């Protein structure tokens, strides 16, 4: 049960990233995220490192999206603080999900 809980933020981060790509009609991004979710079942060190890299890149994508959307809202005189809080939180959770692969349980599972 404890191992399943570790995967929850990882899977949620990937699903939200997939939804983000879907929102912008990025089929390759959606397919890539689906492949990454499947990669969670591959118990090899390279799979864990690939997932970590993808999650870090996902966090960078969220920060970039935050930057673009906040600037648009500022430019049009719209409120932007809530957007910054939400997208900043999503970026942080996505980055923390990448760090979860450094936990002893996942290190043991993926033989890191």
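Helix 45-75 against the longest principal axis of the chain: what's the angle in degrees, Cα atoms only, rounded to the nearest 10?
For 45-75 against the chain, the angle is about 10 degrees.
Need the full-extension length gain, residue 65 to residue 34, defined as separation in residues times 0.36 nm minus the C-alpha distance. One decimal, nm.
Between residue 65 and residue 34, full extension yields an extra 9.1 nm.
For helix 27-39, what angle does its Cα long axis make with the longest principal axis of the chain, in degrees from 0 to 90 and rounded to 10?
30 degrees
For 33, 63, 42, which order do you get if you count the other beta carbons within 10 Å of each Cβ and list the fewest first?
Ascending number of Cβ neighbours within 10 Å: 42, 63, 33.
Return one number: the angle in degrees, 0 to 90 and rounded to the nearest 10, between the long axis of the Cα atoms of helix 81-99 and the longest principal axis of the Cα atoms of the chain.
20 degrees
Here, each number is a calculation from the coordinates, and none is a lab measurement. Note that the coordinates shown come from a computational prediction; the quantities given were computed from them, not determined experimentally. Glycine gets a Cβ as well: all are built from the backbone with ideal geometry, and neighbour counts include every protein chain shown.
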